[in-house]
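Shown next, in structure tokens, is the structure this report addresses.
The values are calculated or read from the model by the stated rules, or taken from the named source; none is laboratory data. Everything quoted here is computed from the prediction, not taken from an experiment. Neighbour counts are summed over all protein chains in view; Cβ atoms, including those assigned to glycine, are modelled from backbone coordinates with ideal geometry. Note: accessible area is taken over every heavy atom of the protein model, side chains too, but ligands, DNA and RNA are not part of it. Shrake-Rupley method; radii C 1.70, N 1.55, O 1.52, S 1.80 Å.
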Amino acid sequence: MDCIFCKIIKGDIPSKVAYEDEYCYAFHDINPQTPTHILVVPKEHIPSCDGISAENSIYVAKIFEAIPKIAAAEGLANGYRVITNCGDDACQTVKHLHFHLMGGRKLPENMG
Ligand code: 5GP
Ligand code: ZN
């Protein structure tokens, strides 16, 4: 499958790892929008939020267990934002579910 994030998980495309476990892989965004901008992705290919089901939701649960650990390791004690873009209206560009973990400065209130 021609999925850039599956290739990153496999190590076929290099990335700067922030965290990894059996269920998820976290790496620094290539084009950071905030001082800290990490992408947290499931190790199983799930295309987007729309692809989450009872069969694979363990990946999402594990990602959200990992996020506070990653945030703490990155020094985001003052807060952070977690975002997932789903589909065209949200400008999802990579069709492998991912959560943007963003912080390192005060973020704007407006989210859309
Ligand atoms: P989306 O717009 O789909 O929510 O977010 C995709 C994100 O993936 C973007 O922030 C983009 O900068 C990041 N990205 C795309 N290709 C690569 C890559 O090859 N390596 C890394 N580290 N990030 C990528
Ligand atoms: Zn994938």
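The residues in region 21-47 that are touching a residue at least 40 places away in the same chain (Cβ under 8 Å) and within 11 Å of the chain's Cα centre (by Cα) can be counted, and the count is 9. Just a yes or no: is a residue in region 25-34 surrounded by 16 or more Cβ atoms within 10 Å (Cβ to Cβ), within 11 Å of ligand 2 (Cβ to nearest atom) and either among the hydroxyl-bearing types (Ser, Thr, Tyr) or within 19 Å of Lys106 (Cα to Cα) (or both)? Checked against the condition, which is being surrounded by 16 or more Cβ atoms within 10 Å (Cβ to Cβ), within 11 Å of ligand 2 (Cβ to nearest atom) and either among the hydroxyl-bearing types (Ser, Thr, Tyr) or within 19 Å of Lys106 (Cα to Cα) (or both), region 25-34 yields at least one hit. Being at pLDDT 95 or above and within 13 Å of ligand 2 (Cβ to nearest atom) holds for only one residue in Val60, Val94, Val17, and it is Val94.
Taken over region 4-20, the residue count meeting the criterion of being touching a residue at least 12 places away in the same chain (Cβ under 8 Å) and either open to solvent by 40 Å² or more (accessible area, probe 1.4 Å) or within 11 Å of ligand 1 (Cβ to nearest atom) (or both) is 7. Quick one: in region 48-63, of everything that is within 12 Å of Phe99 (Cβ to Cβ) and touching a residue at least 40 places away in the same chain (Cβ under 8 Å), which residue is nearest to the chain's Cα centre (by Cα)? Within region 48-63, the match that is nearest to the chain's Cα centre (by Cα) is Ile63.
For region 22-43, the condition holds for no residue, the condition being that it is more than 14 Å from ligand 1 (Cβ to nearest atom), of a type in the set (S, T, N, Q) and either under 20 Å from Gly103 (Cβ atoms) or out of contact with any Ser or Thr (no Cβ under 8 Å at 6 or more places or on another chain) (or both). When we screen Ile46, Ile63 for residues that are in contact with a Pro (Cβ under 9 Å, 6 or more places away or on another chain) and open to solvent by less than 60 Å² (accessible area, probe 1.4 Å), the only hit is Ile63.
Please pick out the residue among Leu76, Leu101, Leu107, Leu97 that is touching a residue at least 40 places away in the same chain (Cβ under 8 Å), open to solvent by less than 20 Å² (accessible area, probe 1.4 Å) and either away from ligand 1 (no atom under 16 Å from the Cβ) or over 17 Å from Tyr19 (Cα atoms) (or both).
On the way: Leu101 fails: either away from ligand 1 (no atom under 16 Å from the Cβ) or over 17 Å from Tyr19 (Cα atoms) (or both); Leu107 fails: open to solvent by less than 20 Å² (accessible area, probe 1.4 Å); Leu97 fails: either away from ligand 1 (no atom under 16 Å from the Cβ) or over 17 Å from Tyr19 (Cα atoms) (or both).
From the options Leu76, Leu101, Leu107, Leu97, the qualifying one is Leu76.
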